[in-house]
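Structure first, then comments.
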Amino acid sequence: MAIQQLQYAEYAIAFVTIFTFVFLIVAYLNNRGRMKEALGKPKRLPEVTVLVPAYNEEEYLAGTLKSLLALDYPKSKLKIVVINDGSTDGTGNVAAGFARFGVGIISKKNSGKADSLNVGLGKVRTELVATMDADSYVAPDALAKIVGHFEDRRVGAVASCVLAKSSGNFLGEIQRLEYMFTIFTRRILDFLNCVTVTPGPFSVFRTRALKKIGGYDPKSLVEDQEVALNMQQHGWKIRTAPEAMVYSETPKTFQELMGQRVRWQRGGLYNALKYRFLIGLKWGDLGVVIMPNTLLGYLFLTIVPIIVLISIMTSSIYASYLGWEGVRLSIGPLHIMAALMLLAGFAWLYYGMNEFYENERLSFPTVAVFIIAYPILLFIFWLFAAYMEVTKQAKSW
Amino acid sequence: MRKISFNLIAASFFITALIFIAGIFVGKALDKGTVDEFGQSVLSLTDRVSASTAIMLLDSTPDMCPLLESEQEQIENDVNLLGYKISFLEDTRNIADEKLKGKYMNLQLNSYLLSNKVKQICSQNFTSVVMFYSSKQCTKECKEQETELFEIKKSGPHWVKIYSFDAGIGSASVQVLANKYRIEKYPTILIEDKKYEGLVGREKLEKIIGELQS
């Protein structure tokens, strides 16, 4: 009986997972012609304050500030403020070196990124406020290409397109693809008004909206997702600007990546649970498809390794007798479904992303490796995150 | 209230259902192919057992031993392998074909009887361990016993031969064997005609088998 119950769980997981994939693919096909649709020149250029929270970022901060100073935006309408969150390295000195270019500095005791942003937000008087990670670099035309979206009074935030600065190795390549995949899917979700992240590397908000929702939640480890869900809750639209490019440094080693992703997973779980009330018909596609799926995703990430472990344990006693024959005999309906889903997913990503990113051709094997390696990495990160959650280990940014 | 993309959701649901049905359809077809393939293997092995039995009936002198022993060993290996495959499908995929299992039980019984006969004719020195279980009445304990026997089979000496009969499958010949030894409880183990009822641990089994050989 246990094996039968396990099979029911497997089928349920398969159905929801396939549905999610298909939903994204159908939504993509439905909006294919609009994927790269860019806004024309904005009617006016509103005043913008860019908040750059920094904690021990002496290595990258100068590059970040240089890219901001090089923005193709009237200097009279652009304010840049670095919030030094109690850095113990030379971050303060690097920021001070830019004071002569008009960069403002707020120095405070270390209290985390979200709180730093709130401190900065309290001092913002401009119509728009942008937040930018201190290890990211904005393209010169990015801001100008974003502000036009705010001509729609219902828009509360606009997400830029964050690309990873690839380090050239396998991890760097996986992250580069992941960032491209995220932009691609976020663009699809934009058409459904279901964007749930305003990326930390660079996002722009209507100041009034951000203040009205109470700013950032200092308890969240993934404040850029939390603030987006908060925006959604309060009825603000979040748009994406596919032509506004931002480049972000990414972890170079597996250990760094693990640390970052465990933090993201733990923060993601906190956010999903905090905003679980967004599930329901009144929240539209967000409440019917995206939020239920996010929560189920965490459940599946927990259940699937258990199912795999049970299957391995059950099969292991036969392994020495059956060898590869055992693999052949293991193939059943679920594998056929998975194969069909992988094929559809592969075609979607390969053709869709190559069409979307004209200047970044993705090779056939790269996409294939990504489709296989990425979910495995996700499982590994989640297992660590779940362990840290269960053992109630301290959270830090 | 925000917009729900009913058309999009309905289309996605429909396509998902199609993938699901296609998966189940193709997967079940593959499973049927595997069960049929095993059925063919049972038939082919049954033919080989019949041929060996015929040879034995025609000439049961020790002169025939090299031929009988070699054939019997091959048959036994193939029967065991087929048994593992059938159990694998049952344990990991929940595919239990009663008809196939019934035929396999008959094949295994014939192989067991042939093996005992060859043992007599050729004065072989091996120990037969026969397990009776019922897939209908006993699940957890019988499974545990099967695992213990698996382990003995895997690491144990080559002179131990293990057979397991599902008395709940409805095979008349297996029932006759079970009646012969008055099997009333599952699992029950017969080691050289001596009966052990209930779960017998690996250590105890190894001890009994060891004593028999010495």
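The values are calculated or read from the model by the stated rules, or taken from the named source; none is laboratory data. All of these numbers come straight from a predicted model, not from anything done at the bench. Backbone-built Cβ (ideal geometry, glycine too); neighbour counts: all protein chains shown. For the accessible areas, the whole protein counts, side chains as well, though only heavy atoms, and no ligand, DNA or RNA atoms are used. Shrake-Rupley method; radii C 1.70, N 1.55, O 1.52, S 1.80 Å.
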Considering only segment A:373-385, how many residues are at pLDDT 90 or above and open to solvent by less than 50 Å² (accessible area, probe 1.4 Å)?
3
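Please verify whether segment A:168-175 includes one or more residues that are in contact with a strand residue (DSSP E or B) (Cβ under 6 Å, 6 or more places away or on another chain) and open to solvent by less than 10 Å² (accessible area, probe 1.4 Å). Quick ask: steps written out before the conclusion?
Looking only at segment A:168-175, we keep the residues that are in contact with a strand residue (DSSP E or B) (Cβ under 6 Å, 6 or more places away or on another chain), and these are A:175.
Those left that are additionally open to solvent by less than 10 Å² (accessible area, probe 1.4 Å): A:175.
Checked against the condition, which is being in contact with a strand residue (DSSP E or B) (Cβ under 6 Å, 6 or more places away or on another chain) and open to solvent by less than 10 Å² (accessible area, probe 1.4 Å), segment A:168-175 yields at least one hit.
Looking at B:Gly39, B:Gly23, which is the one that is part of a helix (DSSP H, G or I) and either crowded, with 18+ Cβ neighbours inside 10 Å or within 11 Å of chain A (Cβ to nearest Cβ) (or both)?
Numbers: B:Gly39 fails: either crowded, with 18+ Cβ neighbours inside 10 Å or within 11 Å of chain A (Cβ to nearest Cβ) (or both).
Testing whether each residue is part of a helix (DSSP H, G or I) and either crowded, with 18+ Cβ neighbours inside 10 Å or within 11 Å of chain A (Cβ to nearest Cβ) (or both) leaves just B:Gly23.
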Which is out of contact with any helix residue (DSSP H, G or I) (no Cβ under 7 Å at 6 or more places or on another chain) and modelled with pLDDT under 95, of A:Gly172, A:Gly148, A:Gly120, A:Gly104?
A:Gly172
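For the structure I just gave you, tell me whether A:Phe370 is open to solvent by less than 80 Å² (accessible area, probe 1.4 Å) and at pLDDT 90 or above. Break it down stepwise before answering.
Working: open to solvent by less than 80 Å² (accessible area, probe 1.4 Å): yes; at pLDDT 90 or above: no.
So A:Phe370 does not fit the description; no.
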Which residues, taken from segment A:7-23, are open to solvent by less than 30 Å² (accessible area, probe 1.4 Å) and more than 8 Å from chain B (Cβ to nearest Cβ)?
A:Ile13
Going residue by residue through segment B:106-121, is there one that turns out to be out of contact with any helix residue (DSSP H, G or I) (no Cβ under 6 Å at 6 or more places or on another chain), under 30 Å from A:Ala2 (Cβ atoms) and not polar (S, T, N, Q)?
no
Yes or no: A:Tyr137 touching a Gly at 6+ places or on another chain (Cβ under 7 Å) and either in a helix (DSSP H, G or I) or crowded, with 23+ Cβ neighbours inside 10 Å (or both)?
yes
Odd one out for A:Trp283 among (1) touching a helix residue (DSSP H, G or I) at 6+ places or on another chain (Cβ under 8 Å); (2) surrounded by fewer than 16 Cβ atoms within 10 Å (Cβ to Cβ):
(2)
I'd like the full set of residues that are open to solvent by 30 Å² or more (accessible area, probe 1.4 Å), at negative phi and in contact (Cβ under 8 Å) with a residue 24 or more places away in the chain, limited to segment B:165-177.
B:Ser173
Which count do you get for residues in segment B:94-111 that are open to solvent by less than 30 Å² (accessible area, probe 1.4 Å) and within 12 Å of chain A (Cβ to nearest Cβ)?
0
In segment B:42-87, which residues are in contact (Cβ under 8 Å) with a residue 40 or more places away in the chain, more than 14 Å from chain A (Cβ to nearest Cβ), surrounded by 14 or more Cβ atoms within 10 Å (Cβ to Cβ) and within 18 Å of B:Lys119 (Cβ to Cβ)?
B:Val49, B:Ser52, B:Thr53, B:Met56, B:Ser60, B:Met64, B:Cys65, B:Leu68, B:Glu69, B:Gln72
Is it the case that segment A:304-320 has a residue that's more than 14 Å from every other protein chain (Cβ to nearest Cβ) and surrounded by 14 or more Cβ atoms within 10 Å (Cβ to Cβ)?
yes
